[in-house]
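All of the numbers you see were taken from the coordinates with simple rules; none came from a lab. Since the model is a prediction, treat every value here as computed from it, not as a measurement. Neighbour counts run over all protein chains shown; Cβ positions are idealised from the backbone, glycine included.
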Amino acid sequence: MSTSKETAEFIEDQLGDLPIRTGRMFGEYALYLGDKVVGFICDDTLFIKPSDVDPAMLAGTFPGQAYPGSKDYHTVPGELLEDREWLQAAISATADALPMPAPKKPKQPKAKANP
């Protein structure tokens, strides 16, 4: 089952005060704050990446896999998705606690085939 566009749009709207974006991945969504992946939206559920965020900040979430075989993420129940202030604080704190992603290597030009 994949995430509906409406669910992703609702979460984006709830986080509207933050510079977030979503990216489609295999029928689901990655949630970015700046250059950092802070979570995933899978099966119409928000999963926040584990980090060194104060556990009290994420009280009310529960461990769950974003996709089969994934590590446990913080699964956000519906009532917390409705709490715009909490959601923005939790996503901001997670982004602050995560390291910057490794720089991407520049793409190498493709070699031309010899005729």
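Looking at the range 47-69 only, could you name the residues that are in contact with a helix residue (DSSP H, G or I) (Cβ under 8 Å, 6 or more places away or on another chain), over 16 Å from LEU33 (Cα atoms) and not acidic (Asp, Glu)?
Hits for the range 47-69 are MET57, LEU58, GLY60, THR61.
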Kindly provide the set of residues from the range 72-91 that are of a type in the set (Gly, Ala, Ser) and surrounded by 18 or more Cβ atoms within 10 Å (Cβ to Cβ), ordered by number.
-> ALA90
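Residues are listed down the side, and each one gets a yes or a no for (1) loosely packed, with under 13 Cβ neighbours inside 10 Å; (2) under 20 Å from GLN88 (Cβ atoms); (3) under 13 Å from the mean Cα position of the chain (by Cα); (4) not polar (S, T, N, Q):
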position: GLN14; (1), (2), (3), (4): no, yes, no, no
position: ILE20; (1), (2), (3), (4): no, yes, yes, yes
position: TYR29; (1), (2), (3), (4): no, yes, yes, yes
position: LYS36; (1), (2), (3), (4): no, yes, yes, yes
position: CYS42; (1), (2), (3), (4): no, no, yes, yes
position: LEU46; (1), (2), (3), (4): no, yes, yes, yes
position: SER51; (1), (2), (3), (4): no, yes, yes, no
position: THR61; (1), (2), (3), (4): no, yes, no, no
Which number in (1) touching an Asp or Glu at 6+ places or on another chain (Cβ under 7 Å); (2) surrounded by 14 or more Cβ atoms within 10 Å (Cβ to Cβ); (3) not hydroxyl-bearing (Ser, Thr, Tyr) marks the one condition that GLN65 misses?
-> (2)
Matching residues in the range 1-45 - criterion: being touching a residue at least 40 places away in the same chain (Cβ under 8 Å), of a type in the set (A, V, I, L, M) and within 27 Å of ALA102 (Cβ to Cβ) = ILE11, LEU15, LEU18, ILE20, LEU31, LEU33, VAL37, VAL38
Being closer than 17 Å to GLU6 by Cα and in contact with an Asp or Glu (Cβ under 7 Å, 6 or more places away or on another chain), is that true of even one residue in the range 24-33?
-> no
